[in-house]
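The values are calculated or read from the model by the stated rules, or taken from the named source; none is laboratory data. All values reported here derive from a predicted model rather than from experimental measurement. Every residue, glycine among them, receives a Cβ derived from its backbone with ideal geometry; neighbour counts consider all protein chains shown. SASA here: full protein model, heavy atoms, side chains in, ligands and nucleic acids out. Shrake-Rupley method; radii C 1.70, N 1.55, O 1.52, S 1.80 Å.
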2 protein chains.
Amino acid sequence: MNQRPRSKSPTSSFFTRSSPYVKTLTIFKMGRKAFLKPTLLFTILFLLALFAFLSINTSRYDSEPTHFEIQEKGLKIDGGLGVKKVRVYMYDLPRRFTYGVIESYAKARNGDLLKLKYPGNQHPAEWYIFDDLNRVGSERVGSPVVRVMDPDEADLFYVPFFSSLSLVVNPIRPAGTVGPSVVYSDEVMQEGLVEWLEDQVYWKRNNGWDHVFICQDPNALFKVVDRVKNGVLLVSDFGRLGRDQASLVKDVILPYSHRINTFKGDVGVENRKSLLFFMGNRYRKEGGKIRDMLFKLLENERDIVIKHGAQSRESRRMATQGMHTSRFCLHPAGDTPSACRLFDAIVSLCVPVIISDYIELPFEDVIDYRKIAVFVDTKSAVEPGYLLKLLRSINAGRILKYQEEMKKVKHYFEYEDPDGTVNEIWRQVSSKLPLIKLMINRDKRLVKRELTEPDCACMCSNQTGIHTT
Amino acid sequence: MNQRPRSKSPTSSFFTRSSPYVKTLTIFKMGRKAFLKPTLLFTILFLLALFAFLSINTSRYDSEPTHFEIQEKGLKIDGGLGVKKVRVYMYDLPRRFTYGVIESYAKARNGDLLKLKYPGNQHPAEWYIFDDLNRVGSERVGSPVVRVMDPDEADLFYVPFFSSLSLVVNPIRPAGTVGPSVVYSDEVMQEGLVEWLEDQVYWKRNNGWDHVFICQDPNALFKVVDRVKNGVLLVSDFGRLGRDQASLVKDVILPYSHRINTFKGDVGVENRKSLLFFMGNRYRKEGGKIRDMLFKLLENERDIVIKHGAQSRESRRMATQGMHTSRFCLHPAGDTPSACRLFDAIVSLCVPVIISDYIELPFEDVIDYRKIAVFVDTKSAVEPGYLLKLLRSINAGRILKYQEEMKKVKHYFEYEDPDGTVNEIWRQVSSKLPLIKLMINRDKRLVKRELTEPDCACMCSNQTGIHTT
């Protein structure tokens, strides 16, 4: 069988000149030529079919790699974009740092040890990232990174210790009660992780700059953070971290996992009779002291629901109900500036009212939070009448706009979405690679210097230190 | 004509199940089935042809854009890579800030005003970037950015003021002599630029974060740098800039233009009889005081050429000769930590010996300078015998390796190369876009806060402040 149309064929010049784009048109025209003999028509059709198959093959293989091929092979699109997928090596940590933590957690609660199910909580990113990297490439749709199995090929090294779960393996017991003797120590785990890491050649090679750690709970890794701080830290906020340990330049702010169900309905205010909703702990430390002040100000207002309540299945049910039927949802600072409540509000299409002066927000390069939330500084928020007057002045049309924007961005906060939070986290991490590589190269060639202050490269938002909305 | 195979056709289930990848195989198999009636074969071929055309069309239009399409249209590859070309708007500045500067320069030297030729100097990046953005898209091969003519579409705004040339419009006169009255004032130009800019809606919109300024000469824009410091600054080093004005995180270090010709020969040490070469000003301020000390240490050594000399055509000829025939080329700090001599050495394949403790180097994320240069701290360099012993201990094989690496990276330092320095500068600027967008969004939603120190996000290389090689 010939691989090309025969050069002597009466139709060959037609084939060589025409482009595949006009073929459909051509076959219509030919259909009208009823005087063609069946044999000739047969030949034409045969050659057309052959040509078309060849076209498919060449169009598939001779062109730039397809999206799928890039995905699978981590191929480089060079020249124009100069972009290649960032290559991530995930450490094969000793089991006690990953599945072992889940087992310890289950054991401490007499749970099913066979299931190895990561428990539902507000800091599950460590599970979703681990699970994502363990999938085969073709399932990791839209991921900006490719996992490599050879550390020599890696741009970045991911350390998949379940540090947030490790923190809560031992159940909290009511004060004064005594339980079984504690066999699990998170601090021992943290120390053990860093000791293990300090034996690794790739950790030593670049002084840790190219390593990625997850510590989503504000207290995760607290014991060893000074020893891993060169790495990219995936955190909820910087509330418990020093300025020499973490920053927007080096690290990535993750969203909490929303704990109440996504609102399935459309935008609208008709079924949202409450003006403002809040449910949570009234008494918190530090910036969270504002909560009690807000309770006093708001608890007797007619169209406001503000309730004290701790995490439980029942309070989650009530919070779902409240957030799905309110126009605004209060997000005051807690012990740290951030909390999962913000993401609960967003997936509820309940406009967040953020009263947390030092909050850092996830993915702020791609999300303009002014479009989905109202920001109020703490000082103004506790002035009697201020907050209510402000919220009552926001009309239904404006609320609909907030809701429409929330719908647009809420996929960023869906850890379950295969092209949701995890992919965005990796996109954020990937964008830091040029700076990481620069630091790696620069650190190694620096000579002895006497410096009067730390050698830092900074991006500063405002030199006066005072900001106004 | 049917758009799909008829559902009653005996072959329809075959079509719907099979993928285009197995078609070639299938047609071969069918060829063997000689017992098929001509009519059935005709139908099969017809349907195959139709299916194939539909496949071509969908494979052409439903897939990701090709590399070429991305290049031309600045299309977004979404999902997998999440990459789109960064869109740059170049301000159409009043003529006095661009061509007008060239005219003023020529006028002050009685040059040809009709030619509008940017004069040769070591700070020509402002010309090459301007010239590059003025080309049509198809000529900007491999550029990571696309120029847009509508500022509403832009990610970044380029301000093409020829700030380095503006600084040297008035010729330097020997002390005590008096020339014609000065009509050009660089300071007036700088002030004029910022006044013009402060009237622009896009400058005000994001507080300047998304603007890109070029000030390659360490003194360029010095009068107004505090008013433009939010922008990305394209600089030679940070010698004259405060830590609140510029940093590796926000700004881009540019290479000087090499002033001597590229060495055309191959790697090798046979025709490089001198061990070490230096030619330049012996007496410099600040860190440059080391130069005189090095002269005293080295000027009487047999295989070392170390000469005092200022910029001139004749000294460039001598430097070319010297750098092309020496194994090492000295790069001591001058008035600022950097100088064009480093890039002269690289294109000469003369291994740079960098004695400049506070130097910042261009494109350090993609260039590991330890592979192409020897770094010596100032304190060690002035210990008698230290430098010579070190350089004499580096054997020919090691020098060849340095030279091979220099050959690999020297395109980064070729402003004339259409896929050279300018493209790399834009790649560097582009990599800052996520952080720029984050700062833009974050700044606007920040509430009033009392801060005890500036609100900075930093990446610090070493907290102790002392580095060792």
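Note the distances from residue B:94 to each other copy's matching label point, with points 7 Å along the Cα-to-beta-carbon direction, in nm, sorted shortest first.
Result for residue B:94, in nm, nearest copy first: 7.1.
Treating the point 7 Å from Cα along Cα-beta-carbon as the label, what are the nm separations from residue B:380 to the other copies, to one decimal?
Its label point is 5.7 nm from the equivalent points in the other copies.
Filter the cross-link list A:85/B:410; A:223/B:437; B:273/B:296 down to pairs whose alpha-carbon distance in this structure exceeds 28 Å.
Flagged as over cut-off: A:223/B:437.
Grab the other residues whose beta carbon is less than 12 angstrom from that of residue B:280, score K and R as +1, D and E as -1, and report the net.
For residues surrounding residue B:280, the net value is +4.
Rolling a 1.4 Å sphere over the protein heavy atoms, what is the accessible area per residue of region B:337-426, to the nearest Å²?
Working: 3230 Å² over 90 residues.
Per residue, region B:337-426 has an accessible area of 36 Å².
Would you mind computing, in nm to one decimal, how far apart the modelled labels at residue A:283 and residue A:264 are, each placed 7 Å from Cα along Cα→Cβ?
4.0 nm
Quick one: Kirkwood hydrodynamic radius for region A:377-427, alpha-carbon pairs, angstrom, one decimal? Don't jump to the answer; show the numbers that get you there.
Values: mean 1/r = 0.0735 Å⁻¹.
One decimal place: 13.6 Å for the Kirkwood radius.
With θ taken as phi - 60° and the coefficients 6.51, -1.76 and 1.60, list the Karplus ³J(HN,Hα) couplings across region A:314-325 in order, rounded to whole Hz; mark glycine and proline as x.
5, 6, 5, 4, 5, 5, 4, 4, x, 6, 7, 10
Quote the total accessible area buried by chains B and A together, excluding ligands, DNA and RNA, probe 1.4 Å, nearest 100 Å².
Buried area between the two chains comes out at roughly 9800 Å².
Convert 4 °C to kelvin, take the viscosity as 1.567 mPa s, use the Kirkwood radius over C-alpha pairs of region A:402-457 as Rh, and evaluate the Stokes-Einstein diffusion coefficient in µm²/s, rounded to a whole number.
Using the Kirkwood radius from Cα pairs, D works out to 88 µm²/s.
What does the convex hull of the Cα atoms come to per residue for region A:211-307, in Å³? Walk me through the numbers on the way to the answer.
Working: hull volume 14.6 nm³, N = 97.
Cα convex hull per residue, to the nearest whole number: 151 Å³.
Taking the label point 7 Å from Cα in the Cβ direction, how far apart in nm is residue A:150 from each other copy of itself, listed shortest first?
Label point to label point, same position, other copies: 4.7 nm.
To the nearest whole number, what is the average tally of beta carbon atoms from other chains within 10 Å of the beta carbons of peptide B:358-364?
Mean inter-chain Cβ contacts per residue within 10 Å come to 4.
Please sort B:395-402, B:289-296 by packing, taking for each peptide the average over its residues of neighbouring beta carbons within 10 angstrom, highest first.
On the way: B:395-402: 14.2, B:289-296: 16.6.
Descending packing order for the listed peptides: B:289-296, B:395-402.
So for region B:180-225, Kirkwood radius off the Cα pairs, Stokes-Einstein at 37 °C and 0.692 mPa s: how many µm² s⁻¹?
For the chosen part, D equals 273 µm²/s.
For the ranges B:411-419, A:273-281, what's the packing order if you count other beta-carbon atoms within 10 Å of each residue, average per peptide, and put the highest first?
The peptides rank, most packed first, as A:273-281, B:411-419.
Can you give the Rg to Rh ratio of region B:274-413, both from alpha-carbon atoms, with Rh computed by the Kirkwood formula?
The Rg/Rh ratio comes out at 0.92.
With N set to the residue count of region A:256-303, report its C-alpha Rg divided by 2.2 N^0.38 Å to two decimal places.
After normalising by residue count via 2.2 N^0.38 Å, the value is 1.48.
Summing +1 for each Lys or Arg and -1 for each Asp or Glu, what net charge is found among the other residues whose Cβ lies under 9 Å from the Cβ of residue A:218?
Overall, the nearby charge balance is -2.
Quick one: which residues, 5+ away or cross-chain, put their amide H under 5 Å from the amide H of residue A:414? H built at 1.01 Å from N.
Residues meeting the amide H criterion: A:421.
Carbon and sulfur: what percent of region A:81-207's accessible surface (1.4 Å probe)?
With neighbouring chains kept in place, the figure for region A:81-207 is 52 percent.
Take every residue in peptide A:427-439, count the Cβ atoms of other chains within 10 Å of its Cβ, and give the average of those counts.
The mean count of partner-chain Cβ atoms within 10 Å per residue comes to 5.
List every residue whose amide H lies under 5 Å from the amide H of residue A:90, counting only residues 5 or more places away in sequence or on a different chain, with H placed 1.01 Å from N in the peptide plane.
For residue A:90, whose amide H was placed from the backbone, the distant partners under 5 Å are A:148, A:158.
Among B:225, B:149, B:256, whose Cα lies farthest out toward the positive end of the dipole of region B:135-271, if unit charges sit on the beta carbon of Lys, Arg (+1) and Asp, Glu (-1)?
So the residue furthest toward the plus end is B:256.
Nearest 20 debye, what's the magnitude of the dipole of region B:274-413 about its Cα centre given +1 on Lys and Arg Cβ and -1 on Asp and Glu Cβ?
The dipole of region B:274-413 has a size of about 440 debye.
If you take every residue apart from residue B:186 with its C-beta less than 11 Å away from the C-beta of residue B:186, what net charge results, scoring Lys and Arg +1 and Asp and Glu -1?
Cβ neighbours under 11 Å give a net charge of -2.
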